Amino acid sequence: MNKIINDIRETARQLLAEGKVDVVIGYEKGSLPLKATPCFVHSSEGVDSLIWDETCENNLATYVAKTPGKKAIVAKGCDSRALAVLLQENQIVRDDLYIIGVSCHGVIDQRKIGAEVGEILEASISDGKISVKGMEGDKEYLFTEVKDATCQTCRYPNPVMEDLHIGDTIEVSQEAAAFADVEALESKSDSERQEYFKEQMSKCIRCYACRNACPLCYCQECFVDCNSPRWLTGGVNRAENLLFQAGRVMHLAGRCVDCGACSRACPQGVDIRALNRKMTKDVYVMYNHESGISEEGKPALNEYSANDPEQFLVKE
Amino acid sequence: MKISKEKFGQAFDALVAEYQIIAPVSDANGIAFKGVKSFSEVKQDYLNSKLPPKAFFFPQHEKLMSYKKEGKDVTVKSELKVENTVLFGIRPCDAKGMQLLDMVFKNDQYTDPYYFERRDKSVIIGVACNKIAPTCFCSSFGLSPAGSEGSDIFLIDLGDSYDVEVITEKGKAVAARFEALSELSADEQALVDKIKDAETSSKVDVSTTTSKLDKMFNNPYWDTLQEKCIGCNVCSFSCPTCHCFDISEEVRKNEGTRVRTWDACMAPLFTLHGSGHNPRDNKKTRWRQRMMHKFNYFVHNNGSMSCVGCGRCIKGCPVNMDIRQVIDGANKAELVVE
């Protein structure tokens, strides 16, 4: 067993045994190959189910506000950023939270593997290699080949806030954020872009897995569920689906931490992140703001700074 | 009896003149049931569609009627338009799922015309599963990857030909167009027998689940079971037997439509009363309802479990809630005095 897993388990054991927390929210092995599943450990006897690897793809921050009592949470960089935003927005109480920080090299994009080998029957991960036995064939991948798209542009693999760090930290390049994916979409013509989103939105079945997986979609009543006024009819078609997705993105403006949980949760493979990334880029370029990168900051829309680039304003 | 795929394809293409044909096709998102005009468009090598074919009888968002008020006159118009339809390539789990939906939409007091107009005008050509996914667990429910229940015609893919079994009168009318049927060779018969004998490797014991759930309404099992569920609708929308719906009015000035939309027991609006009270306002009670409905209430009401083991909810769940584990957990849960 690797040291990180061992340390997570020991930390959890101690926290629970000493009564410092009521529950530890982490990951355990899932029922399918290359799948981890969120787990809630309530007593020190249960800590040995906790794991840590490249399959721990869910953003656990989504559970924090809904879980009663004092809780410890295993947090990657993106989970910690979501926690930071939740704290900035007064949704969670810092004193009720113990953050077990783990640096993350990225998670595996199972969809990419499944598209090539069919249903995954067995898989193992070791030394940066993933061996997969699929219904349509076997294949070995380098982790970098099947790293989730979100993680490829991640600039915060290390938790931005934590009570304890487990394992090594990852060296991060100091370059400015890169948005090649957004620029590629921006460089398309309006009609090409319209076609792209038409295709994407026609896949959406409005199951709201994206919204519910998102740690920052916490409205008590989502605008899609509101019936007075009624923003959407409940119809499942491209136009209504786009209104839902675009509405969600606007609500996440300056808040989205780009964890990719929405895209990974989508059972239909909708490129939800394309919209979020555009918004993230706009906020970065216009306000020089990255959300949830420290415990102290404020959300972009809650703060005014005379030094905002604000290129959209006509200045003297 | 068998029919060559060439002859079957000819009969299939000829059906296009009289029927809307729905069949599995491969699109950017995997396998989907869609309208086709020719057998050449049909994906023959597939596990199953990503979404169940129930939407062809029970659409996700359906206009039931439209109405208009002019002065004192009110006109009401039915929105139901149904074509004769052949659904080709339905897997045994989904064909069985439709039989379970039939029980919901028809009882001794009421028959749902919207569902049954479509259902009665459709012919289901089922095709046995030659390959079984690791998430398939239909054998748990006494079903089989080559079960013909719910199909009007049932086919087994033998490579260049299909083994044909005509099950119902509706199936007979379509099968009458199949030409040059011949006997199976000994080898082909052996292959058919092998496919018919196959079981899913994944199975969960449901023999005591219903009676166990009778005693579990207040069991602490539900307290922890629901913790990781994020309350989305993936499991319900991808389930071939989930059938809950909401009826609403879409009104603009003096005209409107009455629509029926899929609902899901995990959704926040599902049991919300007009008063604002919600008797199932948390995931615990919602999950209990989901389990009870499928493995207890439905059994008491209809004599069958409302799960066919297709595994779609297992594959689709963003947090890997695995219904097999949930059933197993209920089987093993310690009973408390209720």
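The values are calculated or read from the model by the stated rules, or taken from the named source; none is laboratory data. Just so it is clear, the structure is predicted and the values come from calculations on it, not from any experiment. FYI the Cβ positions are ideal-geometry reconstructions off the backbone, even for glycines, and counts take in every protein chain you see. Remember, those area values only see protein heavy atoms, side chains included, never the ligands or the DNA or RNA. Shrake-Rupley method; radii C 1.70, N 1.55, O 1.52, S 1.80 Å.
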Check: Are any residues in the stretch A:166-201 under 22 Å from A:LEU242 (Cβ atoms) and of a type in the set (Asp, Glu), and if so, which ones?
Finding: A:ASP181, A:GLU183, A:GLU186, A:ASP190, A:GLU192, A:GLU195, A:GLU199
Next item on the list: Return the pairs, sorted by first residue and then second, in which the second residue is of a type in the set (Gly, Ala, Ser) and not in a helix (DSSP H, G or I), the first residue lies in the stretch A:238-256 and is under 20 Å from A:HIS289 (Cβ atoms), the beta carbons are less than 7 Å apart, and the residues are 6+ apart or on different chains.
Entry: A:GLY254/A:SER291; A:ARG255/A:SER291; A:CYS256/A:SER291
Next item on the list: State which residue pairs qualify: first residue of a type in the set (D, E, K, R) and inside the stretch B:35-46, second residue assigned to a helix (DSSP H, G or I) in any location, beta carbons under 9 Å apart, and separation of 6 or more residues or different chains.
Entry: B:LYS37/B:ASP13
Notebook entry, point to check: Out of the stretch A:284-316, which residues are among the hydrophobic types (A, V, I, L, M, F, W, C), in a loop (DSSP other than H, G, I, E, B) and either open to solvent by less than 70 Å² (accessible area, probe 1.4 Å) or in contact with a Cys (Cβ under 6 Å, 6 or more places away or on another chain) (or both)?
Noted result: A:ILE293
Next item on the list: Take the residues in the stretch A:157-178 that are of a type in the set (A, V, I, L, M, F, W, C) and in a loop (DSSP other than H, G, I, E, B), then tell me which one is surrounded by the most Cβ atoms within 10 Å (Cβ to Cβ).
Entry: A:VAL160
Item checked: Residue count for the stretch A:249-283, restricted to those that are over 24 Å from A:GLU54 (Cβ atoms) and either small (Gly, Ala, Ser) or assigned to a helix (DSSP H, G or I) (or both) -> 11
Note to self: Any residue that is in contact with a Gly (Cβ under 7 Å, 6 or more places away or on another chain) and closer than 30 Å to B:THR210 by Cβ - is there at least one of those in the stretch B:154-166?
What the structure shows: yes
Notebook entry, point to check: What are the residues in the stretch A:209-259 that are within 15 Å of the chain's Cα centre (by Cα) and within 12 Å of chain B (Cβ to nearest Cβ), if any?
Noted result: A:ALA209, A:CYS210, A:ARG211, A:ASN212, A:ALA213, A:CYS214, A:PRO215, A:CYS217, A:TYR218
Notebook entry, point to check: From the list B:CYS265, B:CYS244, B:CYS310, which one is more than 10 Å from chain A (Cβ to nearest Cβ) and under 19 Å from B:LYS203 (Cβ atoms)?
Noted result: B:CYS310
Next item on the list: Could you tell me which numbered condition A:ILE92 fails, if it satisfies all but one of (1) more than 14 Å from every other protein chain (Cβ to nearest Cβ); (2) closer than 18 Å to A:SER294 by Cα; (3) in contact with an Asp or Glu (Cβ under 8 Å, 6 or more places away or on another chain)?
Entry: (3)
Notebook entry, point to check: Does B:LYS283 satisfy the criteria of being over 18 Å from the mean Cα position of the chain (by Cα) and within 11 Å of chain A (Cβ to nearest Cβ)?
Noted result: yes
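For (1) assigned to a strand (DSSP E or B); (2) of a type in the set (D, E, K, R), each residue gets a yes or a no:
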{"site": "A:ASP7", "(1), (2)": "no, yes"}
{"site": "A:GLU10", "(1), (2)": "no, yes"}
{"site": "A:VAL24", "(1), (2)": "yes, no"}
{"site": "A:TYR27", "(1), (2)": "yes, no"}
{"site": "A:PRO33", "(1), (2)": "no, no"}
{"site": "A:GLY46", "(1), (2)": "no, no"}
Check: Assuming B:CYS229 fulfils every condition listed in (1) assigned to a loop (DSSP other than H, G, I, E, B); (2) under 28 Å from B:ALA128 (Cα atoms) apart from one, which condition is it?
Finding: (2)
Next item on the list: Find the residue count for the stretch B:247-262, including only residues that are among the β-branched types (Val, Ile, Thr), open to solvent by less than 10 Å² (accessible area, probe 1.4 Å) and more than 9 Å from every other protein chain (Cβ to nearest Cβ).
Entry: 0
Next item on the list: Hey, could you check the stretch A:179-219 for residues that are of a type in the set (A, V, I, L, M) and part of a helix (DSSP H, G or I) and say which is surrounded by the fewest Cβ atoms within 10 Å (Cβ to Cβ)?
Entry: A:ALA180
Note to self: Considering only residues that are part of a strand (DSSP E or B) and in contact (Cβ under 8 Å) with a residue 40 or more places away in the chain, which ones fall in the stretch B:246-255?
What the structure shows: B:ILE247, B:GLU255
Note to self: Checking B:THR208 against (1) open to solvent by less than 20 Å² (accessible area, probe 1.4 Å); (2) farther than 30 Å from B:LYS121 by Cα, only one condition comes out false. Which one?
What the structure shows: (1)
Notebook entry, point to check: Is it true that B:ASP102 is open to solvent by 20 Å² or more (accessible area, probe 1.4 Å) and in contact with a Ser or Thr (Cβ under 9 Å, 6 or more places away or on another chain)?
Noted result: no
Next item on the list: Output the residues belonging to the stretch A:22-45 that are more than 10 Å from chain B (Cβ to nearest Cβ) and either among the polar types (S, T, N, Q) or open to solvent by 10 Å² or more (accessible area, probe 1.4 Å) (or both).
Entry: A:ASP22, A:LEU34, A:SER43, A:SER44, A:GLU45
Next item on the list: Identify, from the list B:LYS69, B:LYS50, the residue that is among the charged types (D, E, K, R), in contact with a strand residue (DSSP E or B) (Cβ under 9 Å, 6 or more places away or on another chain), open to solvent by 50 Å² or more (accessible area, probe 1.4 Å) and within 13 Å of another protein chain (Cβ to nearest Cβ).
Entry: B:LYS50
Note to self: Condition check: under 30 Å from A:LEU121 (Cβ atoms), of a type outside the set (A, V, I, L, M) and within 14 Å of chain A (Cβ to nearest Cβ). Does B:PRO92 satisfy that?
What the structure shows: no
Checklist line | Those residues of the stretch B:32-41 which are open to solvent by 30 Å² or more (accessible area, probe 1.4 Å) and either at pLDDT below 95 or in contact with an Asp or Glu (Cβ under 9 Å, 6 or more places away or on another chain) (or both), in sequence order | finding: B:LYS34, B:LYS37, B:SER40
Margin query: Pairs needed: first member in the stretch B:116-134, more than 14 Å from chain A (Cβ to nearest Cβ); second member anywhere, assigned to a helix (DSSP H, G or I) and among the acidic types (Asp, Glu); C-beta distance under 8 Å; at least 6 residues apart or different chains.
Written below: B:ARG119/B:ASP102
Next item on the list: Test A:LEU15 against the stated conditions and say whether it is at the interface with another protein chain (Cβ under 8 Å from one of its Cβ atoms), out of contact with any Ser or Thr (no Cβ under 6 Å at 6 or more places or on another chain) and modelled with pLDDT of 95 or more.
Entry: no
Notebook entry, point to check: Any residue at all in the stretch B:226-240 that is at pLDDT below 95, of a type in the set (Phe, Trp, Tyr) and buried (at least 17 other Cβ atoms within 10 Å of the Cβ)?
Noted result: no
Notebook entry, point to check: Can you spot a residue in the stretch A:112-119 that is charged (D, E, K, R), within 25 Å of B:SER49 (Cβ to Cβ), within 14 Å of chain B (Cβ to nearest Cβ) and open to solvent by 50 Å² or more (accessible area, probe 1.4 Å)?
Noted result: yes
Margin query: So if I check each of B:GLY126, B:GLY71, which one is assigned by TED's automatic domain parsing to the domain that holds B:TYR19 and on the phi > 0 side of the Ramachandran plot?
Written below: B:GLY71
Item checked: Set B:GLU6, B:GLU18: member being charged (D, E, K, R), in a loop (DSSP other than H, G, I, E, B), open to solvent by 70 Å² or more (accessible area, probe 1.4 Å) and farther than 30 Å from B:CYS313 by Cβ -> B:GLU18
